[in-house]
Amino acid sequence: MRWVALAVLGAGLLAVPAVAGRYELSVLILVFQFVLMGQAWNVMMGYAGQLSLGHALYVGLGAYVPALLWLHLGVSPLIGVFAGMAAAMLAAGVIGWLGLRFGIEGVYFALLTIAFAEIARVAFDHLAITGGAGGLFLPVTPEGRASWWMLDGGPVFFYYLTLGLAAGATGVVAWLARSRFGFLWRAVRDDPVAAEALGVNLFRARMQAILVSAAMASVAGVVVAFYYRNLFPGQVFDMSRSLELILAPIIGGLGTVMGPVVGAALLTPAGEALAALVQELGLDAPGVKAVAYGLLLIAVIWVRPSGIWPWLAKRLGVS
Amino acid sequence: MLEVQGLSAGYGDAVALEDVSLTVPDKRIVAIVGANGAGKTTLIRTIAGIIRPWRGRILWHGRDIAGLPSHIVCNLGIGQVAEGRQVFPSLSVAENLDLGAMIPRARDSRAATFRRVLEMFPRLAERRGQAAGTLSGGEQQMLAIGRCLMGRPELILFDEPSLGLAPAVVQQVLETVRTLNAEGITCVLVEQNVAASLALSEVGYVLETGRVTLSGSGAELLADDRVRQAYLGL
């Protein structure tokens, strides 16, 4: 039953570009990006209980490193993605080591993650090689000569790319959740003191989650760089980016495989529809999306504190 | 044999243990009694490697293990049943037990130990697929003990195993400690239930504000006027 539902959903998603226009595709691409980033954050917070409010750092490094490699050395982003991943994991390793070695936990750990993202923002603002505050631009290949090898293509190409990445990330999380990793992470999240008393290596379990999360987030960065084709430190590393990507997993259900998917599928189209509506009405209301997200977040936490998916799964009988 | 020599530990500037020395002979039950805040839990957690001591030595089979991280101490055969029955509520009974066997010394014999633990605690066998958070207090304590056994310990540090349990269940827990000891496991029992734990133990230590103030056989301590006045209300 579950597999049938998944197959139908998969077939439907594969057929979408046949019927959808550019705008619908762009919204769906956004949804898939948020699924990918939400799954990354879900690993660290949802499964391992480590609060990060600086995931923009890993997405940003995953964007800048492949973009720079491509611009300066002509390296394909399909290879550059691994360099971006390495950079994100290195940064995550340093943050994780500081936090875990010195017992910086909970909100203080979150502050540490914010600080590092801010440092990156300021540093990239002033680095000549990254284009500084003026931004980094990736030239567009003329129509017809675009190639997937260079991650250059139209909306349909990016639709399938981001769909694949979102599905892949969800698959990875589903596998991790059942593996020995997920099992140890949940134990460490539920009760670190008891886990430690059993001889579980807290440092190692948490560090693994942090590194996996950063690696996954960095993949989203490649899409950010090569889909939008411009990067500004003030945007890429902005704290609002870090906060935006945690909404879907929280609303959908932390520590569940489907939570970030459901959250992103609800949140992103709702936000886009609202923005379109406001524009339609001729209102000048910047930030209306943020306000709506905030209200929705409050509403969900109020009514379904563990998120929409656990409740929905029970209703559908698939939990 | 576990031998603690001149152990001091604390939190920040606050001293919790000062110059504590004690000996736990093999295959015996040793009780450590004392009032709240006497340093009993700190002592257990320092031996287990969760708190780093300031000074002193902890000799386990002659090797100094003071300051080693807990996952290494666990793997040397020192298990711990932490205060407050810390089971993982969202994991099933079987998953909780599995977690006890994550350390290298226990991994290979996991399946066999698992069967043995379920034989020992039939209630857990009945509820193996159930989330641990749904168990009763007594069942959770049995799970915590069973989980510790999954690590194949030679010595178990029990921190207040009877805390918050109904009297009948308390008896059952203490009976379990006796059974494990009869099977050759050394037990260190930290209890507020002074009378019961001293009655069970060959050796007892009284801890007061971080120091050992009295020691002797369980029976001697039970007969001691100071113990009777301070802890038994007699």
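Residues whose amide H comes within less than 5 Å of that of residue A:153, counting only those at least five positions distant or on another chain, are absent (H built at 1.01 Å from N in the peptide plane). Over the Cα atoms of region B:1-143, the radius of gyration divided by the Kirkwood radius equals 1.01; this is the Rg/Rh ratio. Length gained on full extension, residue A:94 to residue A:126: 9.3 nm, using 0.36 nm per residue less the C-alpha separation.
Close amide-amide hydrogen proximity is noted between residue B:55 and B:8, each under 5 Å apart and 5 or more residues distant or on a separate chain (H modeled in the peptide plane; Pro and chain starts excluded). Built from the Cα atoms of region B:170-223, the convex hull projects on average onto 3.9 nm², one quarter of its surface area. By the equivalent-ellipsoid construction on the alpha carbon gyration tensor, region B:112-184 comes out with semi-axes of 18, 17, 11 Å, ordered largest to smallest. At q = 0.17 Å⁻¹ the log10 of I(q)/I(0) for region A:1-154 amounts to -1.16, computed by Debye summation with a single uniform scatterer per C-alpha, solvent ignored.
Using a probe of 1.4 Å, the accessible surface attributed to residue B:71 totals some 50 Å² when neighbouring protein chains are kept in position. Each residue of region B:171-177 is assigned a 3J(HN,Hα), and the resulting list reads 4, 5, 5, 5, 4, 4, 4 Hz, derived from the Karplus form 6.51 cos²θ - 1.76 cosθ + 1.60 (θ = phi - 60°), x at Gly and Pro. Size descriptors for region B:60-202, from the alpha-carbon set: Rg then Dmax equal 14.6, 42 Å.
What's log10 of I(q)/I(0) for region A:208-248 at q = 0.22, 0.23, 0.25, 0.29 Å⁻¹, Debye sum over Cα points only, no solvent? Here the Debye-derived log intensity ratios amount to -0.85, -0.91, -1.01, -1.13. Is any residue of region A:1-20 close enough, with backbone N under 17 Å, to a label point placed 7 angstrom from the Cα of residue A:157 along the Cα-Cβ axis, and if so, which? From region A:1-20, the list is A:17.
For region B:87-149, a crude dipole built from +1 on the beta carbon of Lys and Arg and -1 on the beta carbon of Asp and Glu, taken about the Cα centre, is about 160 debye to the nearest 20. Residues in region A:190-196 carry Karplus couplings, in order, of 4, 7, x, 5, 5, 4, 5 Hz; the curve used is 6.51 cos²θ - 1.76 cosθ + 1.60 with θ = phi - 60°, and Gly or Pro positions show x.
Got a sec to turn the phi values of region A:258-272 into Karplus ³J(HN,Hα) couplings, 6.51 cos²θ - 1.76 cosθ + 1.60 with θ = phi - 60°, whole Hz, x for Gly and Pro? Ordered by residue, 3J(HN,Hα) equals 8, x, x, 5, 5, x, 5, 5, 8, 5, 5, x, 4, x, 5 Hz. Per residue, the convex hull spanned by the alpha carbons of region B:87-149 comes to 65 Å³. Expressed as a whole percent, the accessible area of region B:87-149 that falls on carbon and sulfur atoms is 50 (1.4 Å probe). When Rg and the Kirkwood radius Rh are both evaluated on Cα atoms of the protein assembly as shown, their ratio Rg/Rh stands at 1.08.
If you plug the beta carbon distance of residue B:123 and residue B:229 into 1/(1 + (r/R0)^6) with R0 = 41 Å, you get a FRET efficiency near 0.55.
Placing +1 on each Lys and Arg Cβ and -1 on each Asp and Glu Cβ, with no other charges, gives the protein assembly as shown a dipole about its Cα centre of roughly 1000 debye. A cut-off of 5 Å between modelled amide H atoms, ignoring neighbours fewer than 5 places along the same chain, links residue B:29 with B:187, B:202, B:203.
Paramagnetic label reach from residue A:133 (point 7 Å along Cα→Cβ; backbone nitrogen cut-off under 14 Å): within region A:228-256, residues A:232-235. For the pair residue B:27 and residue A:102, a Förster radius of 45 Å applied to the C-beta separation gives a FRET efficiency near 0.65, rounded to the nearest 0.05.
Normalised size of region A:77-164, defined as Cα radius of gyration per 2.2 N^0.38 Å with N residues, equals 1.48. Over the C-alpha trace of chain A, radius of gyration and Dmax come out as 19.5, 62 angstrom.
The values are calculated or read from the model by the stated rules, or taken from the named source; none is laboratory data. Keep in mind that what you see is a predicted model, and the values were worked out from it rather than measured. As a convention, Cβ positions derive from the backbone with ideal geometry for all residues, glycine included, and neighbour counts pool all protein chains shown. Quick note on the areas: whole protein, heavy atoms, side chains included, nothing else; ligands and nucleic acids left out. Shrake-Rupley method; radii C 1.70, N 1.55, O 1.52, S 1.80 Å.
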